[in-house]
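Working notes, structure below.
The values are calculated or read from the model by the stated rules, or taken from the named source; none is laboratory data. The model shown is predicted, which means the values in this text are computed figures rather than measured ones. Neighbour counts are summed over all protein chains in view; Cβ atoms, including those assigned to glycine, are modelled from backbone coordinates with ideal geometry. In case anyone asks, the SASA skips ligands and DNA or RNA and just uses the protein heavy atoms, side chains included. Shrake-Rupley method; radii C 1.70, N 1.55, O 1.52, S 1.80 Å.
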Amino acid sequence: CLGYDFNEALLKSAMSVGNIIPAKGLLLSTGDPLQKADMLEACRLLSEHGYKLNATSGTFKYLVENSIPSTKVLWPSECSNPNLGGHFKPAMELIQNKEVDMVVTILKDYSTTQRSDGYSIRRAAIDFNVPLFTNARLATAFIKAFCSMKADDIQIKSWDEY
């Protein structure tokens, strides 16, 4: 897609395949420490723009340590833990009830639990038609793009107008 800058071109390309600019909130599971650091600025932008951030335990802890408000949610494997059950919402419930309109989930490692939980979250996002990002750099670029301009600012132009 073409645009006057990278942000406009990226938004056009993401929207052309059915992604939407989130209006409510996001579900975040940002992977290992390096990927969390890569996404920190994007998470701060989301918070500044009024988005509700829902985060799995590791991401939640990282966001709180960096003064970014978020709500802790449970991985599918944590839902059966009676010590957590009543205090936090399951991530799957947020997706199924359309309480989030974008999911960013990046595997921290390839343990059985991570793979299983990650698969369940990704599958739910696809099944419930919630935009899904599994790459920290692409998610960050998309977030920066939609925080820097509105969908109404995107112009459709002919090839020779660029």
>> So, restricting to strands (runs of 3 or more DSSP E) that lie completely within the range 26-124, which ones have at least 1 residues that are within 15 Å of T134 (Cβ to Cβ), under 12 Å from the mean Cα position of the chain (by Cα) and aliphatic (A, V, I, L, M)?
In response: 103-106
>> For the range 115-127, check the following and say yes or no: at least one residue is crowded, with 16+ Cβ neighbours inside 10 Å, over 20 Å from K24 (Cα atoms) and touching a strand residue (DSSP E or B) at 6+ places or on another chain (Cβ under 9 Å).
In response: yes
> Hey, K52 hits all of (1) open to solvent by less than 40 Å² (accessible area, probe 1.4 Å); (2) in contact (Cβ under 8 Å) with a residue 24 or more places away in the chain but one; which does it fall short on?
Replying inline: (1)
> If you check V64 against the conditions, is it open to solvent by less than 20 Å² (accessible area, probe 1.4 Å) and either free of Cβ contacts under 8 Å to residues at least 60 places away in the same chain or on the phi > 0 side of the Ramachandran plot (or both)?
Replying inline: no
> So which residues in the range 129-142 are farther than 13 Å from I20 by Cβ and hydrophobic (A, V, I, L, M, F, W, C)?
Replying inline: A136, L138, A139, A141
> List pairs: first in the range 1-24 and over 11 Å from D153 (Cβ atoms), second of a type in the set (S, T, Y) and in a helix (DSSP H, G or I), Cβ under 8 Å, 6+ apart or cross-chain?
Replying inline: C1/S13; C1/S16
> Does E78 meet the test of being of a type in the set (D, E, K, R), within 30 Å of D160 (Cα to Cα) and crowded, with 17+ Cβ neighbours inside 10 Å?
Replying inline: no
>> Can you report the number of residues in the range 15-47 which are surrounded by 16 or more Cβ atoms within 10 Å (Cβ to Cβ) and at positive phi?
In response: 1
> Any residue in the range 91-109 that is at pLDDT below 90 and open to solvent by less than 80 Å² (accessible area, probe 1.4 Å)?
Replying inline: yes
